[in-house]
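The values are calculated or read from the model by the stated rules, or taken from the named source; none is laboratory data. Bear in mind the structure is a predicted one, so any value in this text is a computation, not a measurement. For neighbour counting, all protein chains shown are included, and Cβ atoms are generated from backbone atoms with ideal geometry for every residue, glycine included. Heavy atoms of the whole protein, side chains included, go into the accessibility calculation; ligands, DNA and RNA do not. Shrake-Rupley method; radii C 1.70, N 1.55, O 1.52, S 1.80 Å.
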Amino acid sequence: MKKHKILIIGAGGQLGTELTQGLWNLYGKENVIATDIKDPQGILSQGNFEILDALKQKQLFDFIKKNSITQIYHLAAVLSATGEKNPKFAWNLNMDSLIHVLDAAVEFKLDRVYWPSSIAAFGPTTPKLNTPQHTVMDPTTIYGISKFAGERWCDWYFRNKGVDVRSLRYPGLIGYKSKPGGGTTDYAVDIYFKAITDKKYECFLKEDTYLPMMYMDDAVKATLDIMEAPKEKVKVRSSYNIAAMSFCPAEIAAEIRKHIPEFTISYNPDFRQSIADSWPKSIDDSAARKDWGWQPAFALASMTEDILQNLPALLADEVEK
Ligand code: AKB
């Protein structure tokens, strides 16, 4: 088996923290270098970690050369809600870092590259139910525009430069081991923390706002599955739709109440409502299922049970520290 040396950019984020552990299990800690622009928090400090700014092309290229990197997972991005507050910064970070990584893939003949897209690449005139793989894409946020443009760049580098780049359009990702930063779907993470600590939650989206969502375990599995798939099975080189569940705030609250009967939710929609309203409510992921065998394991009930079983101990640990 070929030996891989893996670089994760943006490892300190919500997905990066858990994907790093998935990559440790698969390739061994010694073959994975997690990087971010900030010092490592929690579990990340147990493996190889270095500070790296992917906006600095020379720094990135020197790093790849010095460490004989063969694969990159490029996760660094400004998300939808934060991106609207600082659009030019979001555009520069999301686009320039991607182009640097794709250029590095050409320069160093990298084995493969992973880059995440998002349901944010769709927009208000995209079909909302069972959104197809190939359809209208008219994103309204800078984050979404950068994801749509990034998808086209990935496809271009694959066709013109032979870069084996693979990508998934993530729905809202829900995990409890690390907190999300600056997304519109973040409520579905915060709600579990508040359910345990305060027994109540004020939601920034309306009660009937349906969005596609996925438990972090499934997101990590999908990412590793597409990266492990034989090259010829990866037929979409922009980004694959993937889905697991769709629900609205009222439904997640009802599910939490099955475990914490006194839990209450109130609604105070803000600017994130119009972002959510521009996105699909559910996703057709049949291409991913057919091409490389994608299959989610978690639905709303099983995810809620898992989180509410494990999160209290984690929060208690944090209080002790
Ligand atoms: C966000 O809400 O911005 C992200 C996403 C759907 O990509 N979680």
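How far apart, in nm, are the 7 Å Cα→Cβ label points at Glu30 and Arg257?
5.5 nm
How big, on average over all directions, is the shadow cast by the Cα convex hull of the chain, in nm²?
15.6 nm²
Report the FRET efficiency, 1/(1 + (r/R0)^6), for Lys58 and Lys3, where r is their Cβ-Cβ distance and R0 is 25 Å, rounded to 0.05.
That pair, Lys58 with Lys3, gives E of 0.45.
Please go through the range 153-238 and write out the trypsin sites (Lys or Arg not before Pro) that DSSP classes as loop and that have at most 16 other C-beta atoms within 10 Å.
Lys177, Lys199, Lys206, Lys235
Can you tell me how much longer the chain between Arg289 and Val106 gets when fully stretched, taken as 0.36 nm per residue apart minus their C-alpha distance, in nm with one decimal? Don't skip to the end; give the middle numbers.
Values: separation 183, 0.36 × 183 = 65.88 nm, distance 2.92 nm.
Answer, rounded to one decimal: 63.0 nm.
Considering the alpha-carbon set of the range 166-294 alone, what are its Rg and its Dmax in angstrom?
Using the Cα atoms of the range 166-294, the pair Rg, Dmax is 16.1, 52 Å.
Give the angle, between 0 and 90 degrees and rounded to the nearest 10, that separates the Cα long axis of helix 187-197 from the longest principal axis of the Cα atoms of the chain.
On a 0 to 90 degree scale, this one is about 50.
Please list the radius of gyration and Dmax for the range 39-197, considering alpha-carbon atoms only, with Å as the unit.
Here Rg and the maximum Cα pair distance are 16.9, 52 Å.
Which chymotrypsin sites (Phe, Trp or Tyr not before Pro) from the range 225-321 combine a DSSP loop assignment with at most 12 other Cβ atoms within 10 Å?
The qualifying sites are Phe271.
Provide the gained length on full extension for the span Asp317 to Asn130, in nm with one decimal, where the gain is 0.36 nm per separating residue minus the Cα-Cα distance.
63.3 nm is the gain from fully extending Asp317 to Asn130.
Can you tell me how much longer the chain between Glu228 and Ile37 gets when fully stretched, taken as 0.36 nm per residue apart minus their C-alpha distance, in nm with one decimal?
Details: separation 191, 0.36 × 191 = 68.76 nm, distance 2.73 nm.
Contour length minus the Cα-Cα distance gives 66.0 nm.
Suppose only helical runs count, i.e. DSSP H with n ≥ 4. What mean residue ellipticity at 222 nm does that imply for the chain under -39500 (n - 2.57) per run, divided by all residues and rounded to the nearest 500 deg cm²/dmol? List each step's numbers first, then the result.
On the way: 11 runs with 138 residues, N = 321.
It comes out at -13500 deg cm²/dmol, rounded to the nearest 500.
Roll a 1.4 Å probe over the protein chains and send me the accessible area per residue for the range 135-208 in Å².
Value returned for the range 135-208: 38 Å² of accessible area per residue.
With all protein chains present, how much of the accessible area of the range 6-171 (probe radius 1.4 Å) comes from carbon and sulfur, to the nearest whole percent? It would help to have the intermediate numbers written out before the result.
Numbers: 3680 of 6920 Å².
C and S fraction of accessible area: 53 percent.
Of the peptides 116-128, 38-50, 302-314, how do they stack up when ordered by the mean number of other Cβ atoms within 10 Å, highest first?
116-128, 302-314, 38-50
How far apart, in nm, are two points set 7 Å out from the Cα along the Cα-to-Cβ line at Asp208 and at Lys235?
Placing both labels 7 Å along Cα→Cβ, they lie 3.8 nm apart.
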